[in-house]
Amino acid sequence: MALCDEDDCTTALAFMELAIQQANIALENLEVPIGCVFVEDEKVISSGRNQTTETRNATRHAEMVAIDDLLKFWQEIGLSATEIAGKFSRCDLYVTCEPCIMCASALSVLNIRAVYYGCANDKFGGCGSVLSLHSQGKGFQCTSGIMASKAISLLQRFYQQGNPNSPKPHRPLQLSN
Ligand SMILES: [Zn+2]
């Protein structure tokens, strides 16, 4: 896991705040409260929140929703496959909970530059908790523990409403900032 220096952390906190806002919207919609934003050149270019209940599709995780929006937009404006691949390699992802194995695999294949996440995902985490996909193959730089307590409290509020299918959060043992 990477460490972030002070300037980096200020930026990371600002973008994570936007990811938390997405998670809040998910909670209001009775979805597992996980949200994310994709950032290119210090600008948010896409956001996503968990929509598995609304879509009745277990794969509509926040990251997948945001990736699909980006793909759709870049294809609509006529970017080639090579240009799209280049775009992803300059993107960073801020997500409130550690990407699951499915999402971490997708992020690695897309060659995303870096992932910043909040709380760990004990059951399904693909960035250190269950598998370490960020450090295999193409992989990506990974920083954990950013605003983890906010991410956890959102998930706890969701559990209090009762949902046995949601990932169990916990604070990472080693905070990297
Ligand atoms: Zn996922």
For this session: Kindly indicate which of L79, L175, L155 is modelled with pLDDT under 95 and among the hydrophobic types (A, V, I, L, M, F, W, C).
Result: L175
Exercise. When you go through (1) within 24 Å of G137 (Cα to Cα); (2) in contact with a Ser or Thr (Cβ under 9 Å, 6 or more places away or on another chain) one by one for I34, which number turns out not to apply?
Worked result: (1)
Seminar exercise, completed: Going through region 95-144 in order, the residues found to be open to solvent by less than 10 Å² (accessible area, probe 1.4 Å) and assigned to a loop (DSSP other than H, G, I, E, B) are E98, P99, I112, G126, G139, S144
Exercise. Taking the condition in contact (Cβ under 8 Å) with a residue 60 or more places away in the chain and away from the ligand (no atom under 16 Å from the Cβ), does T96 pass?
Worked result: no
For this session: Mind listing just one residue for me: the one in region 37-47 that is of a type in the set (A, V, I, L, M, F, W, C) and either within 10 Å of the ligand (Cβ to nearest atom) or surrounded by fewer than 18 Cβ atoms within 10 Å (Cβ to Cβ) (or both) and, of those, farthest from A148 (Cα to Cα)?
Result: I45
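Across region 48-66, which residue is farthest from the ligand (Cβ to nearest atom) among those that are assigned to a loop (DSSP other than H, G, I, E, B) and among the basic types (K, R)? Don't jump to the end; show me each part of the working.
Taking region 48-66 and keeping what is assigned to a loop (DSSP other than H, G, I, E, B), we get 50-51, 56-61.
Remaining after also requiring among the basic types (K, R): 56, 60.
Working: R56: 16, R60: 9 Å.
Ranking the candidates gives R56 first.
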Problem set entry | Residue match in region 79-93 (condition: open to solvent by less than 60 Å² (accessible area, probe 1.4 Å), more than 16 Å from the ligand (Cβ to nearest atom), touching a strand residue (DSSP E or B) at 6+ places or on another chain (Cβ under 7 Å) and closer than 21 Å to I146 by Cα) | yes
Exercise. Any idea which residue in region 1-36 is farthest from the chain's Cα centre (by Cα), counting only those that are crowded, with 17+ Cβ neighbours inside 10 Å, modelled with pLDDT under 95 and not in a loop (DSSP other than H, G, I, E, B)?
Worked result: C9
Problem set entry | Residue count for region 104-134, restricted to those that are touching a strand residue (DSSP E or B) at 6+ places or on another chain (Cβ under 8 Å), within 11 Å of the ligand (Cβ to nearest atom) and among the hydrophobic types (A, V, I, L, M, F, W, C) | 4
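The values are calculated or read from the model by the stated rules, or taken from the named source; none is laboratory data. In this text the structure is predicted, and so the values were computed from the model without any measurement. Every residue, glycine as well, gets a Cβ built from its backbone with ideal geometry; the counts of neighbours run over all protein chains shown. Ligands, DNA and RNA are stripped out before the accessible areas are found, and what is left, the full protein with its side chains, is counted by its heavy atoms. Shrake-Rupley method; radii C 1.70, N 1.55, O 1.52, S 1.80 Å.
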